[in-house]
Each structure stands twice: as C-alpha cells, then as structure tokens.
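Derivation of every value follows stated rules applied to the coordinates shown; laboratory data play no part. Every value quoted in this text rests on a predicted model; they were computed, and no experiment measured them. Here the Cβ positions follow ideal geometry from the backbone for every residue, glycine too, while neighbour counts run over all protein chains shown.
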Amino acid sequence: MWIFGSKGPSGFSSSSTAEEVTQGIDGSALTAIVTGASSGIGEETTRVLALRGVHVVMAVRNVDAGRNDKEAILKEIPGAKIDVMALDLSSMASIRKFASQYQSSNLPLNLLINNAGVVTPFMLSHDGIELHFATNYLGPFLLTDLLLETMKKTARESNIEGRIVNVSSIGHRLTYSEGIRFDKINDESGYYSWYAYGQSKLANILHAKELSRRLKEDGVEITANSLHPGGILTNILRHDHCMNGFCHLIGKYFLKSIPQGAATTCYVALHPHVKGVSGEFFKDSNISNTSSMAKDVDLAKKLRDFSFTLINPK
C-alpha cells in the first residue's frame, strides 16, 4: 500500500482509495460499462461504482470469472445492479457483437470506462494487429465509436453529462521516437514490448483529447479524459515473468494497493468536481501533465484517421 503523497487541489492524493474519492456520491441514475472488469482495478472500479448505486455492465473476456466477481460483489452489496457481458478487445468481431447486443438491450449509457489492458511479448491480434495496439487502444477506440450515439442519446434524454474515461499510463512517455509507428504498427523488427505498451498508452491519451475536441465542437454533453492509475500490483505483468516477480517482491512497500489504483478512475467517472472537464489527463485524482507528444493536436488527428482505416479496411 502506498502511504506517501500530499493532497492536490481535488483534496485527494496518491494514497486515496476509490471509496474515499466517491464518498457521499449518488450514482443511482447512471449506467456504466467497465472493460476488463473481472480483475485488478477494473474489478475494484466495478465494486465501488456499484456501491455508489451505478448500474454496471462488466465487459469481460472471461464470462465465468465475471460472474464469479458479480456474485462476490452481490454478497457485499446485495442491492448492486450488475450485468456481465462477453467482450474481447483484441477482436473487432467481438467488439461489434458486444456493441450490437448492448444497443439491443436498450440500456442507457452514461459512463464508458476503457480500463482493460495488456503487457505482452510480440503477438498479433485476431485481426492481425500488434496486440498492445489492438487491445489497449484500437479496441477501445472502436468500442467508443460504436457506442457514442447511445451515449449522446442518453445525455440528451437524461440531461446528465456523459463521461468517457480512458485508463492510460505515465508509461506513455516511454514510446518509440516517432510516438506512433503508423507505418510499422505490425513490424516485429525494432519491436520492444515496453515501447509498444507506451505507444498504446500514448494513443489512449490522444484518443481522449481528439474526441474531447470534437464533442466540444458539436456541443455534446459528453466529456473524454484519460488517466494514470499509478503503479499497482495487478496481473497485467503476467507475461513478463521477471518484472512480475520483481514487482511482487517490492510491491507491498512501493506500489499502490488495488483500491488506491482504482481511485483516479472512479474520481474521473463520478466526482462532481470533474463536471465539464474534458481533454485532460489525471493522476492521483488530480489533473496532471503529459508528454509533449500527448499534446500534439496534429498527431491526434492523424491517429484518428489512421484508426478508421484499421477498423474499416477496404
């Protein structure tokens, strides 16, 4: 558990937990999708949102694990409103199926929390795209695009601001020299897993910033922000045995607990102080700074255009 850190302007710090940053907030009028909701900070985000009354749809790759987590949450919070739906963010077919099923359910959508992520050796996705880029960025990009009209409809009809939350990382600073390797996304030569991870996390921030710009231009009551959850001991490093072992060795002394790691996500998703705030990057439940590349408007526009060519190949 991380015990250091002074409070920022929000009144919270790196040691604040998800329950603490949402204390007293009533989310009973809200419906949220949380991806990667069956483990780590996604699971804790689901639990705390449900605790605050939010109807949470757990979008998970392993439905059995998701159902087990749902049952565990219901034992703690008997009145929790939770559904479990299958979603594999590395597969565009799975994403399209999920979005279609969600739209057919006629559920509203106030909060979209793009939380799921991987750290992996070089692999290609079901669609032949490098796995970090596919799962951490392109999948959430497609999911957001497919569900955006549902969010707009919900915001209009409920008169409640919608919020899109991209879980990124300060790891966005550790990427390839060009930021996004548009011409070499699937190229194994020159590949380094942590640069590939950083590239995908940079893309998360650029996605939120460009989406925020467009939503503001259109006068839509939906915000889009990104965040760094902090260094947390979760299973995201399961493919990197050396790093995973090292983090487990020192984690209890120098890394955040999972309740602390989910705090910034829950803060950005629910807190009234974030109302109307869009296109920002948060860390420790406060607005923070990014790399210069993450502020590059032209790079963000180029990434958006490039992404549409990937999700809608000719």
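Please report the antiparallel percentage of the DSSP beta bridges confined to the chain, to the nearest 5. Intermediate results must be reported in sequence, preceding the final value.
On the way: 5 of 32 bridges.
That works out to approximately 15 percent antiparallel.
Taking the chain, how much of its Cα-Cα pair set, in percent, is spaced more than 31 angstrom apart?
On the way: 11183 of 49141 pairs.
Tail fraction, whole percent: 23.
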Q: Enumerate the amide H contacts of Ala224 below 5 Å, restricted to partners 5 or more residues apart or on another chain; note that Pro and chain-start residues carry no placed amide H.
A: Ile164, Gly279
Q. Taking Lys81 as the anchor, which lysines have their alpha carbon closer than 19 Å to its alpha carbon, excluding any fewer than eight residues away along the same chain?
A. Lys70
Q) Can you tell which of Ser16, Thr31, Leu49 lies farthest toward the positive end of the dipole of region 1-153, using +1 and -1 charges on the Cβ of basic and acidic side chains (Lys, Arg; Asp, Glu)? A) Thr31
Q: May I ask you to list the chymotrypsin sites (Phe, Trp or Tyr not before Pro) in region 168-230 that are in a DSSP loop and have at most 15 other Cβ atoms within 10 Å of their Cβ?
A: Tyr192
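Suppose every Lys and Arg Cβ carries +1 and every Asp and Glu Cβ carries -1, with no other charges. What dipole size does the chain come out with about its Cα centre, to the nearest 20 debye? Display every interim value, and only then the final one.
Details: 32 positive and 31 negative charges, 51 e Å.
Its charge dipole is roughly 240 debye.
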Q. So what's the Cα pair-distance distribution over region 108-240, bin width 5 Å, in %?
A. 2, 10, 20, 21, 17, 13, 9, 5, 2, 0
**Q.** Relative packing of 62-73, 282-293, 41-52, which averages over residues the other C-beta atoms within 10 Å, highest first
**A.** 41-52, 282-293, 62-73
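Do the sum for the chain: with -39,500 (n - 2.57) for every DSSP H run of n ≥ 4, divided by all residues, what is the mean residue ellipticity at 222 nm, to the nearest 500 deg cm²/dmol?
-13000 deg cm²/dmol
In debye to the nearest 20, how big a dipole does region 1-148 give about its Cα centre with +1 on each Lys and Arg Cβ and -1 on each Asp and Glu Cβ?
Value, rounded to 20: 160 debye.
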Q: Enumerate the calculated ³J(HN,Hα) couplings along region 158-168 in order (Karplus 6.51 cos²θ - 1.76 cosθ + 1.60, θ = phi - 60°), each rounded to whole Hz, writing x wherever the residue is Gly or Pro.
A: 8, 6, 10, 4, x, 9, 10, 10, 9, 7, 9
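How would you order 17-27, 265-275, 83-93 from highest to lowest mean count of nearby Cβ atoms within 10 Å? Working shown, then result.
Details: 17-27: 18.2, 265-275: 21.7, 83-93: 19.8.
Descending packing order for the listed peptides: 265-275, 83-93, 17-27.
Hey, could you grab the Kirkwood Rh for region 23-154? Inverse mean 1/r over distinct alpha carbon pairs, Å, one decimal. Before the final figure, lay out the partial values.
Numbers: mean 1/r = 0.0670 Å⁻¹.
Hydrodynamic radius (Kirkwood, Cα only) of region 23-154 equals 14.9 Å.
Just how large is the dipole of region 149-228 about the Cα centre, in debye to the nearest 20, putting +1 at every Lys and Arg Cβ and -1 at every Asp and Glu Cβ? Mind showing how you got there, number by number?
Values: 12 positive and 11 negative charges, 41 e Å.
So the magnitude is around 200 debye.
If you take the C-alpha gyration tensor of region 80-128, multiply each eigenvalue by 5 and take the square root, what semi-axes do you get, largest first, in whole Å?
Details: eigenvalues 123, 40, 14 Å².
So the equivalent ellipsoid measures 25, 14, 8 Å along its semi-axes.
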Q: Under 26 Å Cα to Cα from Lys216, which lysines show up? Leave out anything in the same chain fewer than 8 places away.
A: Lys152, Lys153, Lys201, Lys275, Lys283, Lys295, Lys301, Lys302
Q.
With unit charges on the beta carbons (Lys and Arg positive, Asp and Glu negative) and the dipole taken about the Cα centre of region 54-181, which residue among Ile170, Ala86, Leu112 sits farthest to the positive side?
A. Leu112
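Of the peptides 160-166, 213-219, 32-38, 140-146, how do they stack up when ordered by the mean number of other Cβ atoms within 10 Å, highest first?
In descending order of packing, they fall as 32-38, 160-166, 140-146, 213-219.
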